[in-house]
Each structure stands twice: as C-alpha cells, then as structure tokens.
1. Every residue in the range 298-325 that is out of contact with any strand residue (DSSP E or B) (no Cβ under 9 Å at 6 or more places or on another chain), under 28 Å from residue 33 (Cα atoms) and of a type outside the set (A, V, I, L, M, F, W, C), please.
2. Can you tell me which residues in the range 25-67 are in a helix (DSSP H, G or I), in contact (Cβ under 8 Å) with a residue 40 or more places away in the chain and either basic (Lys, Arg) or open to solvent by 10 Å² or more (accessible area, probe 1.4 Å) (or both)?
3. Quick one: which helices (runs of 4 or more DSSP H) sit completely within the range 85-198 and have at least 1 residues that are closer than 24 Å to residue 43 by Cα, open to solvent by less than 20 Å² (accessible area, probe 1.4 Å) and not acidic (Asp, Glu)?
4. Picking from 30, 77, 68, which residue would you name as being touching an Asp or Glu at 6+ places or on another chain (Cβ under 8 Å) and of a type outside the set (D, E, K, R)?
5. Somewhere in the range 78-101, is a residue closer than 23 Å to residue 343 by Cα and among the polar types (S, T, N, Q)?
6. Determine which member of the set 219, 178, 199 is touching a Gly at 6+ places or on another chain (Cβ under 7 Å) and either hydroxyl-bearing (Ser, Thr, Tyr) or on the phi < 0 side of the Ramachandran plot (or both).
7. Are there any pairs with C-beta distances below 6 angstrom linking a residue in the range 186-213 that is farther than 30 Å from residue 228 by Cα to a residue that is aliphatic (A, V, I, L, M), with the two at least 6 apart or on different chains, and if so which?
Amino acid sequence: MVTKASRPKPLDDIVVVDFSSLLPGPMCSLLLAEAGAKVIKIERPGQGDEMRGYEPAAGSDSANFILLNRGKTSISLDLKSANDKQTALSLIEKADVLIEQFRPGVMERLGLSYEITKALNPGIIYCSISGYGQSGPARDLAAHDLNYMARSGLLSLSGDEHGQPGLPCALIADIAAGAYPAMMNILLALQQRAKTGHGTWLDIAMGDNLLPMLYWALGEGELTGRFPTMGEGLVCGGSARYQIYRTSDDRCLSVAPLEERFWKVFCDAIDLPMSDRDDASHPKRSREAVAKRLASMPLAHWLALFEGKDVCVQVVNTVSEARQDPHFAARGLFEHRIATDNGSLGALPVPIASCFRDPPGLKDYPRRHHKESA
C-alpha cells in the first residue's frame, strides 16, 4: 500500500515540469518532490529516460531510475511532434518550475525556450542545468562529471605517489555542483517570485559550481601567487594530520586530527615518538612515522586504543558496511521504501529535513510506459 501525504509540506502547491534525464535534473526534482512538489516527468516515447535501462534492474526498470524518480508522475511526449509539443506547453502554462538539462540551444530549437515559455507563463521558474552554462566558449562541449572536475582543477589535487590523479567514484559535479545548486536557486527564485510576481531563467553550470569547493586553494593561490598541487597542503596529502593509512590487516583508517589538541591525543594513543610529532618542521618524516606505526598492528588493535578518545579517526567503510552502520540506522536514513515490480527498494536518503517530508513509508515511481494525463 503506497502511503499518501499525512501532513502539509512546504512545496505542496508547486508544480514542476521536468524535461531532464539521467542524474542532475532528476536528483533536483526528487528533492523538490520530497518537499511536496508535484513533479511531472517528461519522457521520450518508447525508451523513456535512458536510465531506465541501466543495471542492476529491479523488475522492469533499473535501481538507479527508481531511486531518482520516486514520488513523481510521468508522461511520454515526442517534443518534435506538434500535438505533443502543445501538450508540453499546456503543462508549462500551469507549472511553477521547468527543469531541463539539454545542451544550450536545444530547448530553443524545440520551440520551448525561456522567452516562449515566459510569454505563456510569466511566473515560470525556468532552470537550465548544463555542464558549462548557457554562454562562454565551452558551452557546447560534450562532457561528463570527470571532465568538469578536470577543467575546474579539482581533479588535480588528489592522486597517487606517482602524480596520477585519482578517479573519484562520486559524481560530484552532477550532484554537488548540479542538482543541489539547481534546487537552491529554484527555491530562491520561488521566494523572489512571491515578492515580485515574476519568474526567472536560472543558468546552472556544473563546471562553475565546482569552484567553491576549491575555496582554500583559490585563496592560497591568490594570496601567495602559488596555487597548491597534488600532495601538498593540509588536505591534499602534505600533512600527516590528514591522511589515509593502512593497518597490518590491510584495512584503512581516515586520520584527520588537524587541531593540535586532537593531534596530541592521537599521537599519544599510537605512542608516536616525540621526535616524529613535529609535522610542521618535518612533514614527510611525520607522515612516514605514522604510516609505519599504524601498519604495525591490525585494525581491531587501533580501534580499541581509540575507543572513547577524541582522535578524529574513522574506519574506511565499504558501502555495505556503511549501509548497515548503526548510526545511520538510528537516524532512520533507510526507513523510506519504494515499491518495485518484485518487492521494494530502500529509498535514497536525501538532504531534506524530516519535518518537510512524508513520514517513512512506501512510495511508488513512474513505471515503464506509464502515462498520466495532465
């Protein structure tokens, strides 16, 4: 039984028409839906959102698609068809928010540009999510998350001992620089519309929005004239106080006792010689000394020593271990469920406060070939 809303939510009266697919736009509209918005997802006839076909499958659709599209409705439209385009315009006319993540110029060629939709609905919040924005020399480049991180400089600051940049497993640009800024700016635009009565066009560029994550590196470079590189600085591998170390049983510990009070407790706990604790004067020696000390004993030994102490150390969990972590369970992060063809799937935890969402329960998602009239 799919639960219905049991309490008012902040976006209960907001209608979102979402033309996006894959990750950034659907994640953004998921957050809006969780806060009460009615999200109408526009999909291509037949295949629908490409992510429906990803692996692993949970029945007729992929787990990826189900996680990102719960609580939405869906309609299949061929935007090159005059009749279907008119249906899209009818939806837009009644909507508060439009989300799209085509390359710049595509919506204009389809006859669904901001200027056209604004004439139809002056209050529309028109959110365009793209890699490099609606203007600038890189705006039409084909790219993915890894490329945006490379261009922003973010990728250059972490890697191995040979200077090879690391391959991030998190889609940082899509989520942290795409979906989250899009939602934030949509909420700001709705607040502004409440004051002025007018909508706006939001140009959300994932490449741009990665740069605030480098605030410290940008500030250091501007001030000193020398920008940090891989293996340097406090959080890029230069400090013994911010590292990942291996234990003798080949587990990993994230060690981050940055402040002096934490560093002292940590060094005392591992019995680090006093001659190796001056990491400001001898950073490499301190790093090597800590690495050697932690590699001398298994994980369980160190966890027992660190128990109850403020050392800023955490085991590097596997995803499976994180999914079963008692702290996350106590916080109720996986209590929400999604109905699937063959059971249910734990819903994706989202950064929406519980007071703004439905209580934990079972929700549905737009099924393959499902159509809902406007």
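1. 320, 324, 325
2. 27, 52, 63, 67, listed by residue number.
3. 106-109, 114-120, 180-196
4. Answer to the check: 77.
5. Among the residues of the range 78-101, not one is closer than 23 Å to residue 343 by Cα and among the polar types (S, T, N, Q), which makes the answer no.
6. Sole residue among the options that is touching a Gly at 6+ places or on another chain (Cβ under 7 Å) and either hydroxyl-bearing (Ser, Thr, Tyr) or on the phi < 0 side of the Ramachandran plot (or both): 199.
7. Between residues of the range 186-213 that are farther than 30 Å from residue 228 by Cα and residues that are aliphatic (A, V, I, L, M), the close pairs are 186/97; 186/125; 189/125; 199/124; 199/125; 200/189.
Conditions (1) touching a helix residue (DSSP H, G or I) at 6+ places or on another chain (Cβ under 9 Å); (2) more than 27 Å from residue 58 (Cα to Cα); (3) of a type in the set (Phe, Trp, Tyr), marked per residue:
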| position | (1), (2), (3) |
| --- | --- |
| 275 | yes, yes, no |
| 282 | yes, yes, no |
| 289 | yes, yes, no |
| 304 | no, yes, no |
| 315 | yes, yes, no |
| 326 | no, no, no |
| 345 | yes, no, no |
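The values are calculated or read from the model by the stated rules, or taken from the named source; none is laboratory data. If you're wondering where the values come from, they're calculated on a predicted model, not measured in any experiment. Cβ coordinates were reconstructed from backbone atoms using ideal geometry, including for glycine residues, and neighbour counts include every protein chain displayed. Surface areas here come from the heavy atoms of the whole protein model, side chains and all, with no ligands, DNA or RNA. Shrake-Rupley method; radii C 1.70, N 1.55, O 1.52, S 1.80 Å.
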